[in-house]
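Structure record follows, encoded as structure tokens.
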Amino acid sequence: MEAKRRVNWRILIFALCIIMVFSGLSFRVWWIQTVEAAKIMDYASGQWDWAKTLKPKRGAIMDRNGEILAYEGKAYTVNARLKPQNDKDQDFVKDPYYTATTLAKILNAPVDQLLKPLTKPDSKVVLLGRYGNKITEEQKKLIQNAQFPKLPSGEQVENNQLPGIYLTETTRRFYPNNSFAAHVLGYLDFDEQPRMGIELQLDKELRGEKGEMEVMTDGAGYQLPDGERKYKPAKDGDNVYLTIDRQIQDYVEQALDKAERDFKPKGLTVVVSDPQTGEILAMGNRSQFNPNTYYNGITNYTNHAVTTMFEPGSTFKIITLAAAIEEGLFNPNDTYNSGTYTIKGQIPIRDHNNGQGWGRISYLEGVQRSSNVIFVILGYEKLKLEKLKSYFSKFGIGALTGIELPYEKKGNLINLEKPQSPRDWAVTTFGQGVTVTAIQQIAAVGAIANGGELLKPHIVKELRDPHSGAVVQRSEREVVRRVVSEATAKKTRDILETVVEADAGTGKAYQIDGYHVAGKTGTAQKYDPNTGKIMEGHYIASFIGFAPKDNPRLLVYVVVDDPSTDAWYGTWGRMIIAPIFKSIMERSLQYLQQQPDLQAAQSKASKKGKTEMAAVAQQPVQEVTLAKFVGMSNTAAQLRAKQDKLTVSVIGTGTKIVEQYPAPYEKVASGSQVVLVTDRVKGSKMPDFTGKSLRDVMEFSSLVNIPVKATGSGFVASQSIPAGTVLTGTEKLQVTLRSESEPPAPPAGQTGVPDGSGGATTPPATTTPPAGEGTGAATGAAGATNTPSTPTGPPNNRVGQTGQTGTSTSP
């Protein structure tokens with residue numbers, strides 16, 4: 001009986017246990033399926049769902065001919081593992097000091113800056129700060145060579161000499177020409193934020209659109225069949241083609257470099273445009289910076305061509321002259337008394353030679369001598385306030401041009417809009433008491449050059465799809481308004497040519513043999529941005545000119561701010577500005593194959609008494625129409641070319657001419673070189689291209705069918721095939737181009753983001769000139785080298801009212 005009872009108890013206890021276990025399991029199942037269901041599903045989806053944001057490739061920036069100026073390339077970030085993952089792991093930093101010392105040479109970093117993260121006691125994996133961020137392919141290879149170096153025997157070490165160091169792939173922005181057109185391009189920092197220039201203005205178009213991807217995977221991370229749940233491809237950014245011509249831009253950079261080196265001005269600005277289309281072909285500033293190493297510090301964030309406002313001085317007289325001609329108020333043969341002009345109750349307005357003048361002279365001579373008095377007569381007496389104001393506004397003064405660059409300023413016409421005295425607006429007729437930007441001047445004078453139409457300036461030519469090359473958006477010639485008639489524009493151009501050509505003209509230093517140059521000089525006093533008073537001995541000098549005078553190809557504006565020289569400011573044009581202008585204009589016209597006026601060149605040469613010009617007079621330059629040399633024998637072709645007084649260069653050792661450059665029937669000057677290619681190129685010799693342009697190299701290579709690879713910009717500094725080498729026809733030529741505008745390559749390793757110490761400051765979100773638009777200063781003169789700040793100075797200062805000396809400095 002007792003045994004039966006024990007058995008029953010055991011059965012009861014076992015049954016209770018079974019019931020409790022199943023009750024617990026049932027409760028757990030219920031709990032999981034109800035209370036924790038959402039949490040578990042989230043955890044599970046995290047196991048099998050894989051989501052990723054797809055990054056688009058940023059578009060490249062190119063010049064008008066497709067030369068790359070900025071692009072996104074491969075880069076690497078250096079990481080260091082400080083602790084082993086397990087007991088067997090040997091891939092971690094064992095000797096921080098040796099590691100830091102080795103990497104410092106490659107990353108060009110201070111050893112202590114690398115040692116600091118490598119000795120963090122509680123970190124498992126660290127980054128090496130800005131020095132190890134986004135390094136180049138070359139630096140990556142140097143690190144790999146340091147990890148597995150080669151022995152003197154040539155064998156490679158198998159054991160990693162820098163354990164714990166590994167690289168992760170990323171991307172960064174590269175600017176292959178360094179400081180070339182830096183203010184136009186701007187830069188992208190290592191946080192991928194655009195700063196300045198096209199990078200900022202067209203960030204949306206360049207950046208593209210991010211994509212998304214979601215898939216289902218198994219436990220090992222492999223995608224399941226039909227596991228794609230969402231896919232939106234990234235849209236790469238558009239490629240931006242600028243109107244900038246790399247070759248002309250290089251001419252600008254070289255001229256600016258020389259002027260900066262010789263005269264160390266506060267600032268320099270050059271803008272080159274095609275006045276027929278409004279396209280900007282080159283734009284340069286000094287001081288400049290290298291966008292590849294922006295973190296080393298930028299002293300000048302300002303693109304003076306669009307942001308800096310200044311008094312233009314006598315270059316502004318072009319608008320007054322055109323307005324007077326349009327209204328029928330300018331007769332070149334009328335005369336007036338030069339020297340001074342007095343408005344009742346006002347301080348006299350004087351000519352720039354301290355009011356001495358040149359006696360009674362004609363209106364035309366007054367323009368040639370840049371007399372202030374004649375322009376006061378034309379604007380103040382004849383046009384009067386309302387018409388003067390109307391014409392200035394028509395020419396775009398006081399309004400934004402709309403060019404595709406950030407931080408553009410509109411200048412001001414405060415002395416015309418709210419004059420406090422007649423003298424206030426009288427001085428605006430010759431460029432005092434009004435502030436402009438360089439791009440406004442380019443647009444305004446461009447209207448005279450192209451026949452009377454004010455065009456919207458463009459620096460972006462088109463946007464293209466990065467894959468198909470299809471044009472997405474294109475900038476067309478855009479007429480804002482007609483400002484003067486074609487006849488008025490023609491008369492104004494003719495008069496401006498006499499400013500350069502006439503004996504009395506202030507622009508004689510800007511003459512270019514063989515080309516008709518028209519333009520106007522200008523000099524303006526600078527004002528203290530804090531007090532609004534004139535800064536004695538400080539000036540902004542400039543010249544704006546175009547060529548050829550009729551149907552101009554190029555318009556060039558040069559602005560020099562306060563150069564460091566003891567020379568009188570009246571000589572700055574001849575010393576500083578003219579060499580800049582002539583170098584850019586002449587070389588650019590030749591590059592564009594603008595044929596010179598041979599008769600004008602010969603006439604000008606005959607007037608000069610110099611020895612070399614006498615030689616030219618004895619052997620006058622003649623225009624020659626090239627014969628068709630193709631098909632002639634080598635001997636006959638050379639004889640015919642010499643009869644036409646041409647210099648002959650023969651490529652090849654064949655007996656028959658199969659190609660020539662320039663092409664048949666083109667017109668060239670006597671003495672020009674003609675290149676003849678024979679039917680047997682093999683055996684010809686490689687020329688010496690040192691100092692030659694890439695164009696010369698490409699012309700030669702196209703004639704002899706040799707592929708060319710060029711690096712850098714400017715002119716040829718070295719070539720892979722030595723001059724004089726006999727060619728077999730299977731060679732590949734590589735040339736390295738270099739210009740003065742290209743600073744030394746940045747030291748290896750200085751490619752990281754700022755870490756807050758010793759790096760560059762971030763540019764301001766907005767850029768404002770140092771003085772307000774109503775001050776009496778040449779606001780933010782072209783040499784401002786600091787990041788612009790908010791306006792300072794007396795609130796009641798008005799443009800032009802502090803210049804009470806009555807003397808213009810605008811010859």
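The values are calculated or read from the model by the stated rules, or taken from the named source; none is laboratory data. These figures come from a predicted structure and were not determined experimentally. Don't worry about glycine lacking a Cβ; one is built from the backbone with ideal geometry, like all the others, and counts go over all protein chains shown.
One table, with the values for the structure above:
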quantity: Qualifying position, being under 19 Å from Gly396 (Cβ atoms), aliphatic (A, V, I, L, M) and in contact with a helix residue (DSSP H, G or I) (Cβ under 9 Å, 6 or more places away or on another chain), among Val271, Val240, Val252; calculated: Val271
quantity: Single condition Leu185 does not satisfy, out of (1) surrounded by fewer than 17 Cβ atoms within 10 Å (Cβ to Cβ); (2) in contact with a strand residue (DSSP E or B) (Cβ under 9 Å, 6 or more places away or on another chain); calculated: (1)
quantity: Number of positions in region 70-100 that are under 42 Å from the mean Cα position of the chain (by Cα), surrounded by fewer than 18 Cβ atoms within 10 Å (Cβ to Cβ) and farther than 19 Å from Leu128 by Cα; calculated: 2
quantity: Criterion (in contact with a Ser or Thr (Cβ under 7 Å, 6 or more places away or on another chain), more than 26 Å from Leu413 (Cα to Cα) and outside the structural domain of Gly197 (by TED's automatic domain parsing)) met by exactly one of Thr521, Thr435, Thr506; calculated: Thr506
quantity: Pairs where the first residue, in region 717-737, is part of a loop (DSSP other than H, G, I, E, B) and the second is aromatic (Phe, Trp, Tyr), C-beta under 9 Å, 6+ apart; calculated: Ala723/Phe689
quantity: Count of region 653-671 residues which are surrounded by 15 or more Cβ atoms within 10 Å (Cβ to Cβ) and either touching a strand residue (DSSP E or B) at 6+ places or on another chain (Cβ under 7 Å) or not in a loop (DSSP other than H, G, I, E, B) (or both); calculated: 12
quantity: Region 389-398 - residue that is part of a loop (DSSP other than H, G, I, E, B) and touching a residue at least 40 places away in the same chain (Cβ under 8 Å) and, of those, farthest from Asn303 (Cα to Cα); calculated: Phe395
quantity: Residue among Lys533, Lys490, Lys520, Lys508 that alone is charged (D, E, K, R) and surrounded by 18 or more Cβ atoms within 10 Å (Cβ to Cβ); calculated: Lys520
quantity: Search result, residues across region 502-513 that are touching a residue at least 24 places away in the same chain (Cβ under 8 Å) and assigned to a helix (DSSP H, G or I); calculated: Ala509, Tyr510
quantity: Selected residue (only one of Gln193, Gln156, Gln201 is modelled with pLDDT of 90 or more, of a type outside the set (Gly, Ala, Ser) and surrounded by fewer than 14 Cβ atoms within 10 Å (Cβ to Cβ)); calculated: Gln193
quantity: Residue ID - surrounded by the most Cβ atoms within 10 Å (Cβ to Cβ), chosen from residues in region 301-325 that are of a type in the set (Ser, Thr, Tyr) and not in a helix (DSSP H, G or I); calculated: Thr308
quantity: Any pair with Cβ under 8 angstrom, 6 or more apart, that starts in region 28-39 at a residue that is touching a residue at least 40 places away in the same chain (Cβ under 8 Å) and ends at one that is assigned to a helix (DSSP H, G or I) and surrounded by 10 or more Cβ atoms within 10 Å (Cβ to Cβ); calculated: none
quantity: Test result for Ser421, out of contact with any Lys or Arg (no Cβ under 7 Å at 6 or more places or on another chain), among the hydroxyl-bearing types (Ser, Thr, Tyr) and within 24 Å of Lys520 (Cβ to Cβ); calculated: no
quantity: Failed item in (1) modelled with pLDDT of 95 or more; (2) outside any helix (DSSP H, G or I); (3) surrounded by fewer than 22 Cβ atoms within 10 Å (Cβ to Cβ); (4) among the hydrophobic types (A, V, I, L, M, F, W, C), with Val484 passing the rest; calculated: (3)
quantity: Out of Glu36, Glu67, sole residue that is surrounded by 15 or more Cβ atoms within 10 Å (Cβ to Cβ) and among the acidic types (Asp, Glu); calculated: Glu67
quantity: Lone qualifier among Gly355, Gly345, Gly366, Gly328 - being part of a helix (DSSP H, G or I), over 19 Å from the mean Cα position of the chain (by Cα) and of a type outside the set (A, V, I, L, M, F, W, C); calculated: Gly366
quantity: Residue list for region 256-275, filter: under 16 Å from Met585 (Cα atoms) and more than 16 Å from the chain's Cα centre (by Cα); calculated: Lys258, Ala259, Asp274, Pro275
quantity: Test: Ala605 is in contact with a His (Cβ under 8 Å, 6 or more places away or on another chain) and either modelled with pLDDT under 75 or not in a helix (DSSP H, G or I) (or both); calculated: no
quantity: So Pro121, is it touching a residue at least 12 places away in the same chain (Cβ under 8 Å) and assigned to a loop (DSSP other than H, G, I, E, B); calculated: no
quantity: Selected residue (only one of Val499, Val560 is in contact with a strand residue (DSSP E or B) (Cβ under 8 Å, 6 or more places away or on another chain), in contact (Cβ under 8 Å) with a residue 60 or more places away in the chain and within 22 Å of Thr320 (Cα to Cα)); calculated: Val499
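A quick yes/no check of all residues on (1) at pLDDT 95 or above; (2) over 18 Å from Asn372 (Cβ atoms); (3) of a type in the set (Asp, Glu):
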site	(1), (2), (3)
Ile495	yes, no, no
Tyr515	no, yes, no
Thr521	no, no, no
Ile534	no, no, no
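Results for (1) aromatic (Phe, Trp, Tyr); (2) within 20 Å of Leu413 (Cα to Cα); (3) at pLDDT 95 or above; (4) not in a helix (DSSP H, G or I), shown as yes or no for each residue.
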{"site": "Gln441", "(1), (2), (3), (4)": "no, yes, yes, no"}
{"site": "Val445", "(1), (2), (3), (4)": "no, yes, yes, no"}
{"site": "Ala449", "(1), (2), (3), (4)": "no, no, yes, no"}
{"site": "Ser468", "(1), (2), (3), (4)": "no, no, no, yes"}
{"site": "Gln473", "(1), (2), (3), (4)": "no, no, no, yes"}
